[in-house]
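The values are calculated or read from the model by the stated rules, or taken from the named source; none is laboratory data. Values in this document were obtained by computation on a predicted structure and should not be read as measured data. Cβ coordinates were reconstructed from backbone atoms using ideal geometry, including for glycine residues, and neighbour counts include every protein chain displayed. Heads up: the accessible areas ignore ligands, DNA and RNA and are worked out on the full protein's heavy atoms, side chains in. Shrake-Rupley method; radii C 1.70, N 1.55, O 1.52, S 1.80 Å.
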Amino acid sequence: MNEKVAALLNDQINKEFYSAYLYLDMANFYSRKGLDGFANWYEIQAKEEQDHAMLMYQYLHNNGVEVTLEAIAKPDKTYEALIDPLKAALAHEQYVTSLINNIYAAAQAANDFRTTQFLDWFIKEQGEEEKNSADQITKMELFGSDPRSLYMLNSELATRVYSAPSLVL
Ligand code: FEO
């Protein structure tokens, strides 16, 4: 595999684990606030990020690339209002989209079509993650200031269940 593409994918493993840690910290925030549904949503989000990291880890292994695991940074965001993690999540997903696009562009430039095909799933996934994050903000802006509506929103988010990624390597 092209060295630059391999290095970017290796680095992305770390970024995905950081995303998991960031989302777990959001779940932690909502648990402290008594919003178990929001906490559930972000706990599942954290699991999905670990899946993303493991897909990249497995992909590199399948292609004979040595993986290096680096330290995972501490989640450095602080939240005051209930909407704050939702906004931080959208900004973070937009950032991750830019990272995935960057790896895709490097793979394309290196004629590494196996990797562009692998990344197609992530490109689509980023679209979904950005939409979900934006929808959460919209709902919170519409309903978050009314306790009964917030209760219902929390109940809705409590129904989310984890499912393994659809991408199989
Ligand atoms: Fe792994 Fe939320 O993107």
- Note on the structure: Being within 11 Å of the ligand (Cβ to nearest atom) and assigned to a helix (DSSP H, G or I) narrows 49, 43 down to just 49
- Item | Where residue 22 falls short, out of the listed (1) under 18 Å from residue 96 (Cα atoms); (2) surrounded by fewer than 16 Cβ atoms within 10 Å (Cβ to Cβ) | (2)
- Query: within 23 Å of residue 32 (Cα to Cα), assigned to a helix (DSSP H, G or I), open to solvent by 30 Å² or more (accessible area, probe 1.4 Å) and without any contact (Cβ under 8 Å) to a residue 40 or more places away in the chain, is that true of residue 87?
  - Reply: no
- Task: Could you grab the pairs with beta carbons closer than 8 Å, sequence gap of 6+ or different chains, first residue in region 11-23 and among the β-branched types (Val, Ile, Thr), second one more than 10 Å from the ligand (Cβ to nearest atom)?
- Result: 13/57; 13/60; 13/67; 13/69
- Task: Might you let me know whether region 54-65 holds any residue that is within 14 Å of the ligand (Cβ to nearest atom), under 12 Å from the mean Cα position of the chain (by Cα) and open to solvent by 10 Å² or more (accessible area, probe 1.4 Å)?
- Result: no
- Query: Is at least one residue of region 103-113 among the charged types (D, E, K, R) and open to solvent by less than 50 Å² (accessible area, probe 1.4 Å)?
  - Reply: yes
